[in-house]
Amino acid sequence: MSPVQRASRRALSITPAGDRHAAPLTRLLRVELRTEPRRPRTLVSLVVLALVPVVIGLGVSASATDPGGDRPGAGLGLITAVSGNGMMLPITALGVALRLLLPLCVCIAAADALAGEAAHGTLRGLLLAPVSRIRLVWIKAFGVLVVAVLQVAVVTGVGLLAGLIIVGGGDQLLTLSGSSVGLGAALARVALAAGWTVLQVAAVGAVALAVSAFTDHPLVVLATVVGGAIVSWLLGAIPALDWLRPVLLTSGWASLSDMLRDPVPTDGLTQSALLAGVYLVIGMTGAIVGTLRREA
């Protein structure tokens, strides 16, 4: 058992065995807040995600100085607009990371929360600890949320620094609509984009936590949720299946680029936020049901 797992078990066992509801929730949440950022898989994921804006910034800078950078097919897409426009980099990096890395990293945390504990043989002790199972699920969900917030914050923060240092472009954001936005408004857009991304990643984490509650194998969680996200992308790209798009969580992720328009179109962002909220409720409900049905 790892040190952080021992700390979690000690925190869940701080009340008399006869009182399963007396464990102070704030203390349990503080334990998750302390231990989650120190886990090796969290640290590794943060390092990998921090490389995303740096690599994009270096690539954009290299393309800007490369005489062959304007060859056909090079620099196409949203990343091209980052050149000389550093304030755009954090939102672009969030969009790139949301395609796969952010869902994958949060799935790893959710898979470890319940299925990982079961695989290591520590879940039985947690289920027998003086904490109700529903409260245990919420504590684990809080830990997954902490990881999601950290990951998005790292991509956003490193994106801002890389945009200012590597890409440049001053303290204004040149939108895709051709207008300029001042520093304050640009930072507000970055913060809004980060918050919206946290909601999307949290929805993926809730679904992964639900799958984690029904299995003892973390790899099953990764294969199910990440594979489901990839299939969702593929289904959303088929015109004949447009009727499925309103229920596909990934179909709204492209709306993040609307943050770079002036004025900001809110329809896609609002719909995808509401859909993420629905997936959050479904995921948490599934996680609670799965945990309640587990044998101690």
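One table, with the values for the structure above:
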item: All helices (runs of 4 or more DSSP H) inside region 82-198 with 3 or more residues being modelled with pLDDT under 90; result: 123-128, 133-162
item: Top-ranked residue in region 54-81 [being assigned to a loop (DSSP other than H, G, I, E, B) and not small (Gly, Ala, Ser); ranked as modelled with the highest pLDDT]; result: 66
item: Hits in region 235-246 - residues which are surrounded by 12 or more Cβ atoms within 10 Å (Cβ to Cβ) and among the hydrophobic types (A, V, I, L, M, F, W, C); result: 235, 241, 244
item: So residue 283, is it touching a residue at least 40 places away in the same chain (Cβ under 8 Å) and out of contact with any Ser or Thr (no Cβ under 6 Å at 6 or more places or on another chain); result: yes
item: Residue count for region 212-232, restricted to those that are surrounded by 16 or more Cβ atoms within 10 Å (Cβ to Cβ), part of a helix (DSSP H, G or I) and in contact (Cβ under 8 Å) with a residue 40 or more places away in the chain; result: 8
item: Top-ranked residue in region 285-295 [being aliphatic (A, V, I, L, M) and buried (at least 19 other Cβ atoms within 10 Å of the Cβ); ranked as nearest to residue 201 (Cα to Cα)]; result: 287
item: Pair list, Cβ < 9 Å and 6+ apart or interchain, from region 178-198 residues that are more than 22 Å from residue 145 (Cα to Cα) and of a type in the set (Asp, Glu) to residues that are crowded, with 20+ Cβ neighbours inside 10 Å and modelled with pLDDT of 90 or more; result: none
item: Residues being over 17 Å from residue 256 (Cβ atoms) and touching a helix residue (DSSP H, G or I) at 6+ places or on another chain (Cβ under 6 Å) - total across region 163-185; result: 6
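The values are calculated or read from the model by the stated rules, or taken from the named source; none is laboratory data. Please read all numbers here as calculations on a predicted model, not as lab measurements. So basically every Cβ, Gly included, is an ideal-geometry build from the backbone, and we count neighbours across all protein chains shown.
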